[in-house]
Amino acid sequence: MAKYDLDVIARILLALLQGPMGRTQLYMRTRLNYPRFLEYLEFLKQRELVVERDGSVRLTERGHEVAKALERALDELL
Amino acid sequence: MFILATAGVVAVALHTATSAHVLLAAPTAQHYTAAIQATANRSEVYHGSTIAKRPAAENREGNWTEAASRTATVDICSGGAAPWPFYNDTAKKALCRANVTVVLVNVNYDVRYVNYSNTIPQSADGRGYVPLGNYVPGLRWVLALWSAASGMAGVALYIYAVYLSLACGGALCKWRRFKAILPFSAATVAASASLAPLSPLYAALAVPGVWGVWHYYRARRRLAVWLSTILT
């Protein structure tokens, strides 16, 4: 994926910060079309931010750190 | 706080948008009175058609000057032959029965007002701006439409921002509230644009909105740079 949208990445990471969720549920949260959602999911998997296990998508340890850092940054901004 | 602050501004914009006809209303004597108050302390408006009595001698103190007049139906009599003469500075003038509005200004600071018959004392405080549309008739519709359109846009943006801020939960909500800064700020700018035709002072309302937009884009750019270092 050549270009990614900060908005979508943030939505996926922050949604998964609440806990693992099924692929369909996450797809609904991202509000993308399904092929595009799969591209983003693959993109994040390649960068070891998320993993798919037991039918659910969850954050890796690194992904959790990034999502937490994003949340802290938003706390400072708001 | 930001929501409440913008709510106030947008409420005013909504009011303006729904009452844009104010801009279309015919200019009143009050406007003309107000227009000259930048240099005057007190002024009074004569409605020529009902002037029935000239000022009493004791009330002709001070330096009265004719500051403005609106003569929709001009019928000015010269000399003292008219039935309703009055003093304009030191010169005696007269107005015939006509649809004439004359504004007299007393530049004497200590003369607060004079009780002429059929006059309306006007305070010199505030209300000093005459909407541009009153001077340029063709512009009035444009300004009214502009006011209505930008006011409605402000309200729509505000509703969208409230939706972004409130219809969410969890960590994702923080992101949506961050995103809501943009429509909130834009709503403030739109409200300011809506009110600006009434008075240029309302343009000052745009300052927090512009700051909000700038703050949003600056923060977003920083987040994007930070995230790109992680994702690449």
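Number of residues in the stretch B:221-232 that are under 44 Å from the mean Cα position of the chain (by Cα) and within 7 Å of chain A (Cβ to nearest Cβ) equals 2. For B:Leu145, the stated conditions do not hold, so it cannot be described as more than 23 Å from A:Ala69 (Cβ to Cβ), assigned to a loop (DSSP other than H, G, I, E, B) and in contact (Cβ under 8 Å) with a residue 12 or more places away in the chain. The helices (runs of 4 or more DSSP H) falling completely within chain A that include 3 or more residues that are within 11 Å of another protein chain (Cβ to nearest Cβ) and basic (Lys, Arg) map to A:61-77. When B:Ala167, B:Ala206, B:Ala193 are checked against the criterion of being modelled with pLDDT under 90 and either out of contact with any Asp or Glu (no Cβ under 9 Å at 6 or more places or on another chain) or of a type in the set (Phe, Trp, Tyr) (or both), B:Ala167 stands alone in meeting it.
The values are calculated or read from the model by the stated rules, or taken from the named source; none is laboratory data. The structure presented is a predicted model; accordingly, all values stated were derived computationally and were not measured. We place every Cβ from the backbone using ideal geometry, glycine too, and count neighbours over all the protein chains shown.
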